[in-house]
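Notes follow the structure.
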Amino acid sequence: PRAPAGVGTVPEPCPLAVLSKVELRVSCKHLLDRDTLNKSDPCVLLLMQSQGQWMEVDRSEVIKSNLNPVFAKIFTVDYYFEEVQKLRFEVYDSHGHAGVGTHDDDFLGGTECTVGQIVAQKRVTKPLFLKYGKFAGKSTITIISEEISGNNGYVELAFRAKKLDDKDLFSKSDPFLEIYRIDDDRSEQLVYRTEVVKNNLSPVWEPFKVSLNSLCSCEEKRKLRGVVWDYDSRGKHDFIGEFFTTFEEMQKAMGENKVGHGDTRTAWGSVLRAASRSHPSRHLPAVPLGLGLVYSFLDYIMGGCQIHFTVAIDFTASNGDPRNSCSLHYINPYQPNEYLKALVAVGEICQDYDSDKKFSALGFGARIPPKYEVSHDFAINFNPDDDECEGIQGVVESYQSCLPKIQLYGPTNVAPIISKVARVAAHEERTKEASQYFILLILTDGVVTDMADTREAIVRASYLPMSIIIVGVGNADFTDMQILDGDDGVLRSPKGEPVLRDIGQFVPFREFKNASPTALAKCVLAEVPKQVVEYY
């Protein structure tokens, strides 16, 4: 348990973040044509923001003479739910050996987004912009994300072909192979593009490693399509032929010491052979693929699970008169107060996982208009029929505008708000097809008055798709609040019933007063992915 921060105390370390790795695939459409004689030769640079600076992480291959490139390069990035990970994609027209990013290259456009936005939507298409925010014509970039999960293995594949058709007049074909995965919606996802083998009708392509998730979504029977092209430097590649297979078929062929092949008459006039072998250091799962899989947080997010974020703000009199600069609710135009810092830090993370970007904002412990009766679960936008605000900025504006209209009072009762959000979670669970997970952020300046009711409400909420984060604002003694953080033992209701899941967390804001706001978000949100997985 965390001791109150003070002289001679050291704050307890925050929970360790759960690391996942995500694969990003990139394609573009309608790129600007910067070349005089041929089309642009695009290449994508991936940059990530670190300490306010953009740093190049990786870059794709160069695709010759193509304004609608599908890049074979797979970008791999670490993913943390509790961080805002800003990415920038920049597309350049490459010119030979000058190297991408030099003054000899033409900038075709760029765009920015977060890792959270990409994984929440799974597929993101954004316009490309030139300098000074100008649109790069009709250019767009599409980023598709897939998690590298713990059930995932790697395989090494090797392909060769025999007696390919000769598409060239004065020499032999220059073949290369593309492997596509056929998804459930019948769309095709490029898995790998081999090198070009020059002047050869029976090419043997270099072996390559690929994750099972990339190859077949960890489903052995999923259809794969292979396409062989005759390379053309102007981008007008000639189709030689195609074949269909599955990873299961390749495994059987390898096990029987033979290879599958297409019919030379009915397929495409060529024999294509494929062999596969498991990478020795990364074996395939022992259980059949698709059975007994342990799903991760990203599996649920990429499967359409939405995060619904609610903030509840303490408006009790102990905060001090908002007009006084000593008040915890004082609005300083140059420096946000602790309530705003905590709200924005956590809200900016959660907003990437909510498609409509609307957030419930509630208040408790104040007398509210028109009758100025004490309320412990009022909408800070004063709309009893719709407590949602447009984005985090909408929550901030509602908070600032409600302060002059209310009278700070008391007591500090939070059970009504926990129960209110729990009712919404229970209703959504019963009536909606798509899954929703609820995160309730409670910001308070003191120990709750209704501790018994709060414990009871948390135990009830532990059966629902819900997590509760309580941040203590100000310098009060929060020792008694540690009971709500299940880290030091199992939280129980007054009747002794334990929580089904550990869904509560309490942290004093002062532990992060001298750190960046992102440090608070990392700490309080680090346990959420585990809580989501435990529920589902």
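This table checks each residue for (1) within 37 Å of the chain's Cα centre (by Cα); (2) buried (at least 20 other Cβ atoms within 10 Å of the Cβ); (3) of a type in the set (Lys, Arg); (4) assigned by the TED database to the domain that holds Tyr231.
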| position | (1), (2), (3), (4) |
| --- | --- |
| Ala161 | no, yes, no, yes |
| Asp165 | no, no, no, yes |
| Glu195 | yes, no, no, yes |
| Leu201 | no, no, no, yes |
Residue within the range 165-175 that is without any contact (Cβ under 8 Å) to a residue 12 or more places away in the chain and not aliphatic (A, V, I, L, M) present: yes
Test: residue in the range 418-440 that is open to solvent by less than 20 Å² (accessible area, probe 1.4 Å) and in contact with an Asp or Glu (Cβ under 7 Å, 6 or more places away or on another chain): no
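Each row is one residue, and each column tells you yes or no for (1) β-branched (Val, Ile, Thr); (2) touching a residue at least 12 places away in the same chain (Cβ under 8 Å); (3) more than 18 Å from Thr140 (Cα to Cα).
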site: Glu23; (1), (2), (3): no, yes, yes
site: Ser27; (1), (2), (3): no, yes, no
site: Asp41; (1), (2), (3): no, yes, no
site: Gln53; (1), (2), (3): no, no, yes
site: Asp58; (1), (2), (3): no, yes, yes
site: Ile63; (1), (2), (3): yes, yes, no
site: Asn68; (1), (2), (3): no, yes, no
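Can you list the strands (runs of 3 or more DSSP E) lying wholly within the range 106-161 that have 3 or more residues being of a type in the set (Ser, Thr, Tyr)?
Values: elements: 106-114, 123-129, 135-148.
Where strands (runs of 3 or more DSSP E) fall fully within the range 106-161 and carry at least 3 residues being of a type in the set (Ser, Thr, Tyr), they are 135-148.
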Spans of strands (runs of 3 or more DSSP E) in the range 290-386 with at least 3 residues open to solvent by 10 Å² or more (accessible area, probe 1.4 Å): 373-375
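The values are calculated or read from the model by the stated rules, or taken from the named source; none is laboratory data. Just so it is clear, the model here is predicted, and its values are computed rather than measured. Every residue, glycine as well, gets a Cβ built from its backbone with ideal geometry; the counts of neighbours run over all protein chains shown. The protein model used for the area step is the full one, side chains on, heavy atoms only, and it has no ligands, DNA or RNA in it. Shrake-Rupley method; radii C 1.70, N 1.55, O 1.52, S 1.80 Å.
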